[in-house]
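Right, one structure below, let's go through it.
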Amino acid sequence: MDQVLVRYCTTTGIENTRRISINETTINLDLRDIKSIDLLPLIWCSKLRKLSLRCNQITDVNLSPLSKCKNLESLLLSNNLLEEIDFDPLSECPHLQEIDIRNNNIRSVDLSPLFHCSELTSLKMDEGTTLTADLLLRSIGTWPEVLIDKFHKILWKASPDV
């Protein structure tokens, strides 16, 4: 297998696919009127460094397949209709440097998984977004610089396992 098909649906209900080489380092699906997208085929794209889904109409996105993209450096999701986002899969992306979720409808985001992304240097989100993180992370080792800059804005919450 040297290619995968990424399927997406537009706001008009048209189903489209994009053929992507498994050796691709950059996937750009900006400005395609995407309402929903299945990222599962990206588990085969081990060399993926940048995923851009900017300026679409995405309301929900499952980032779980990105946990297999160990070389991912940039995730761009700005200018969509996301109301929530789960960063858990990104904790498996040690080279992640940039995340952009600006201009969505996200009110609150848990940053806990991003504490594992030591190379993270850019985290762009709307000013009014509430930031939360696991209280245990407050006293643990080295953080990405960008999270240190946001320290005073984070609402620290006790782990549900405690």
task = Look at residue 96 and say whether it is assigned to a loop (DSSP other than H, G, I, E, B), buried (at least 20 other Cβ atoms within 10 Å of the Cβ), without any contact (Cβ under 8 Å) to a residue 60 or more places away in the chain and not aromatic (Phe, Trp, Tyr).
result = yes
remark   = Taking segment 25-36 and keeping residues surrounded by 17 or more Cβ atoms within 10 Å (Cβ to Cβ) and either at pLDDT below 95 or within 20 Å of residue 73 (Cβ to Cβ) (or both) leaves 27, 29
request  = Determine if segment 42-54 includes at least one residue that is part of a loop (DSSP other than H, G, I, E, B) and touching a Pro at 6+ places or on another chain (Cβ under 7 Å).
outcome  = no
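At least 1 residues that are more than 19 Å from residue 93 (Cβ to Cβ) and over 16 Å from the mean Cα position of the chain (by Cα) in each: list the strands (runs of 3 or more DSSP E) lying fully within segment 119-162 that qualify. Write out each step before concluding.
On the way: elements: 122-124, 130-134, 154-157.
Result: 130-134, 154-157.
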ask   = In this structure, does residue 58 turn out to be in a strand (DSSP E or B), on the phi < 0 side of the Ramachandran plot and either in contact (Cβ under 8 Å) with a residue 60 or more places away in the chain or surrounded by 18 or more Cβ atoms within 10 Å (Cβ to Cβ) (or both)?
value = no
request  = Taking the residues in segment 99-157 that are touching a Ser or Thr at 6+ places or on another chain (Cβ under 6 Å) and hydroxyl-bearing (Ser, Thr, Tyr) as candidates, determine which candidate is nearest to residue 61 (Cα to Cα).
outcome  = 108
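Inspect all residues belonging to segment 9-19 and state whether any of them is within 16 Å of residue 67 (Cα to Cα) and either touching a strand residue (DSSP E or B) at 6+ places or on another chain (Cβ under 7 Å) or without any contact (Cβ under 8 Å) to a residue 60 or more places away in the chain (or both).
No - not one qualifying residue is present in segment 9-19.
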query = Just wondering, is there one or more residues in segment 133-141 that are crowded, with 19+ Cβ neighbours inside 10 Å, in contact (Cβ under 8 Å) with a residue 12 or more places away in the chain, touching a Lys or Arg at 6+ places or on another chain (Cβ under 9 Å) and not charged (D, E, K, R)?
reply = yes
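The values are calculated or read from the model by the stated rules, or taken from the named source; none is laboratory data. Source: prediction; values computed, not measured. With ideal geometry, Cβ positions are generated from the backbone for all residues, glycine too; neighbour counts draw on all protein chains shown.
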